[in-house]
1. Which condition breaks for Ala38 when tested against (1) closer than 15 Å to Trp94 by Cβ; (2) more than 19 Å from the chain's Cα centre (by Cα); (3) of a type in the set (A, V, I, L, M)?
2. Has the stretch 14-35 got any residue that is in contact with a Leu (Cβ under 8 Å, 6 or more places away or on another chain), closer than 28 Å to Ala87 by Cα and assigned to a helix (DSSP H, G or I)?
3. Need pairs with beta-carbon distance below 7 Å; first residue farther than 25 Å from Val21 by Cα and within the stretch 48-64, second at pLDDT below 80 and not in a helix (DSSP H, G or I); sequence gap 6+ or separate chains.
4. Quick check: is even one residue across the stretch 48-59 out of contact with any helix residue (DSSP H, G or I) (no Cβ under 8 Å at 6 or more places or on another chain) and modelled with pLDDT of 85 or more?
5. In this structure, does Val27 turn out to be surrounded by 16 or more Cβ atoms within 10 Å (Cβ to Cβ), of a type in the set (Val, Ile, Thr) and more than 19 Å from Val104 (Cβ to Cβ)?
Amino acid sequence: MPFAPALHAEWIKIRTLRSLVGGLLAVFLVTVLFSALAGLDSEGPDFDPLFSAFFGVNFGQIAAIAFGTTAVSAEFEGGALQVSLAAMPRRGRWFAAKAVAIGVPVLAVGLVTGFVSLAVGKAVLGPRRAG
């Protein structure tokens, strides 16, 4: 099987599981929420506005790891992995398709989340922000 159909199949698997869509949403929400909360608590001599604006990235990474783990392990339930491997005898191509199908949405959500976190951080910090 060529790479494009394998990628399409993996994309369908990810898109149709509600928990995975919720996981991507959690990456966004957790990052932005914790960045906003860190910006509200911005007192003291060692205050760093950039750290406050991107504090939530740590928690967003945990949500992204949970998304990737869920996307990979979802096939183990019900024997779907055996069907996938039988349909795709070249394991390297299957693994690459799965990695791309997981990595591209996480990258897209991560980029949007980074810009939104910066904007929220600047808005919450107000006059205490740098730049």
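1. (1)
2. First, the residues of the stretch 14-35 that are in contact with a Leu (Cβ under 8 Å, 6 or more places away or on another chain): 14.
Those left that are additionally closer than 28 Å to Ala87 by Cα: 14.
Applying the additional criterion that residues be assigned to a helix (DSSP H, G or I) yields 14.
Yes, the stretch 14-35 contains at least one residue that is in contact with a Leu (Cβ under 8 Å, 6 or more places away or on another chain), closer than 28 Å to Ala87 by Cα and assigned to a helix (DSSP H, G or I).
3. Listed by first residue and then by second, the contacts come to Pro49/Arg129; Pro49/Ala130; Leu50/Ala130; Ser52/Ser42.
4. Looking through the stretch 48-59, none of the residues is out of contact with any helix residue (DSSP H, G or I) (no Cβ under 8 Å at 6 or more places or on another chain) and modelled with pLDDT of 85 or more.
5. Details: surrounded by 16 or more Cβ atoms within 10 Å (Cβ to Cβ): yes; of a type in the set (Val, Ile, Thr): yes; more than 19 Å from Val104 (Cβ to Cβ): no.
No; evaluated as a whole, the condition is false for this residue.
The values are calculated or read from the model by the stated rules, or taken from the named source; none is laboratory data. Computed from a predicted structure; not experimentally measured. Cβ sites come from the backbone with ideal geometry, for glycine too, and all protein chains shown count toward neighbours.
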